[in-house]
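The values are calculated or read from the model by the stated rules, or taken from the named source; none is laboratory data. Note that the coordinates shown come from a computational prediction; the quantities given were computed from them, not determined experimentally. Positions of Cβ are backbone-derived with ideal geometry, glycine not excepted, and every protein chain shown enters the neighbour counts. Heavy atoms of the whole protein, side chains included, go into the accessibility calculation; ligands, DNA and RNA do not. Shrake-Rupley method; radii C 1.70, N 1.55, O 1.52, S 1.80 Å.
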Amino acid sequence: MSRTVIPLNSIARKGPPPPAKPGWSAASCGSPSGPDDIPAEVWERIKDHPCYSEDAHHYFARMHVAVAPACNIQCNYCNRKFDCANESRPGVTSDRLTPEQAAHKVMVVAAQIPQLSVLGVAGPGDALFDARRTFETFDRVAEILPGLKFCLSTNGLALPDHVDEIVSRNIDHVTVTINMVDPGIGARIYPWIFYNHRRWTGLDAARILHERQMEGLERLTAKGVLVKVNSVMIPGVNDDHLVEVNAAIRARGAFLHNLLPLISDPAHGTRFGLDGQRGPTPAELKALQDRLRGGARLMRHCRQCRADAVGMLGEDACQGFTLDKLPALVAYDPKPRALYREVVERERADRRAAAEAARSRLTQVAAPARLVAVCSKGGGRINQHFGHAREFLVYEVDVRGVRFIGHRKADNYCLGGYGDDDRMDGIVAVLQGIDTVFAAKIGSCPKRDLAEAGITVIDGYSHQYIETALADWYRGSLADSRQQRA
Ligand code: CLF
Ligand code: SF4
């Protein structure tokens, strides 16, 4: 298959960070948000990819097929009973599929979810340890369903052996998990690797893994593949060191850097979990992201999804597509997918124009930034009831614009007709540091409970575009505070 080779080293940022520009999502602060941020031909390649473009994750869905059961390394944050924690939440297990079963499942999902744009292989082990299964899956799908983007995630150990096969299959998006560039730190994360028919431990293992990761990254970016690097942030082990990792991957042309907070629970039986190694707080994660501003672009909207994830990033539909629920025959009609893309194009243009207008209304005066949370079920709009929200999108708003910071997961408050007070306590804890929440609607009881915790919920911007509403609200709050001072 022919492909245009774009020198990724020219796309990765070089030199000092660009000056902050006013806008609804400053380019220097996160994953590429629109065609203004990056060359047009690269935007064409990421605009439908919900992980590579923050903007796309409001509109498009991905699915993973769990065809890669085995792994060639051991990470201290992984328990092999569960999915690969480099791309997934620990503690979940997925159906293991043959390539044939996987291709059938892709057709079933594509027939039911017109938003589907990307097929990924992200475990449950390493996608390239037994690469034949991964590549056979992509080959089968390419034959029956052209037009899907292909994506894979790997720990990088076997990557240099498969660069040509990746490129020849037009697998345009590859994620490599790189937690260190110093083998001394690597030895604290990886107890062993299996390489060249033998097991390696300690510094030797970490050095080999590091060298293979760097070689794979360099060779992929030289071929024009868009490489995302995942790094698990482990406080006290590699958190400060991730600044060096960010610089190293940027120099090698990585397109995105995704900081995954370590999820560490003794119940998952991982080495770190059993040793009491904690994960970072949201504030620590944000502080590191802020330190990396100006380096390799950051992804901030990752949901650490399962190896059999299906659907929009914030709303996993995988339980509806387990093996036992797949119909034997599929009638696939490409028209809904094509129509959906037309609608998205119109929506995006409209949303951008509205955001630009809102930006121009922002008062250019010094004022503190506000951290706010939004309930959204997609489309870049405030369109979810507070009680249904299983996650909050967090934005930072100031006179320079509206920037997406990340998401925070919570248990939904509403349980079909009544609210759960225990859940409200958890939601208040999740919203730490946030004083305003935007929802499509909220009942009087939860609104009162939140007010008692010092959190205001605003439902007056129901179904409006997020960035536009937040910019207008912020402008209004500045005017109010000026009036109060007068
Ligand atoms: Fe899957 Fe990963 Fe491809 Fe996305 S997920 S292989 S790049 S299609 Fe996405 Fe999920 Fe985060 Fe991964 S939200 S865990 S970054
Ligand atoms: Fe587990 Fe993934 Fe690490 Fe392998 S690469 S040990 S599956 S987290």
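Miscellaneous remarks
- The angle separating the long axis of helix 335-361 from the principal Cα axis of greatest extent in the chain is about 50 degrees.
- GLU136-GLU356 pseudo-label distance in nm [points 7 Å out on the Cα-to-Cβ vector]: 5.1 nm
- Heavy-atom accessible area per residue - the chain, 1.4 Å, Å²: 40 Å²
- Beta bridges assigned by DSSP with both partners in the chain are antiparallel in approximately 40 percent of cases.
- Relative contact order computed over the chain (Cα-Cα under 8 Å; 6+ residues apart), in percent: 18 percent
- Compared with the alpha-carbon gap, the fully stretched path from LEU339 to LEU203 is longer by 43.6 nm at 0.36 nm per residue.
- Heavy-atom accessible surface of the chain: percent carbon and sulfur, 1.4 Å: 52 percent
- Accessible surface ranking that places the most exposed of LEU285, LEU470 first, with a 1.4 angstrom probe: LEU285, LEU470
- The string of couplings for the range 264-281 from the Karplus curve (6.51, -1.76, 1.60, θ = phi - 60°) is 10, 9, x, 5, 7, x, 7, 4, 4, x, 5, 7, x, 5, 8, x, x, 6 Hz, one whole number per residue in order, with x for Gly and Pro.
- Contour minus Cα-Cα distance for GLU143 and ALA70 (0.36 nm per residue): 23.7 nm
- Protection-proxy order for peptides 336-346, 125-135, each taking the mean of Cβ atoms within 10 Å per residue, highest first: 125-135, 336-346
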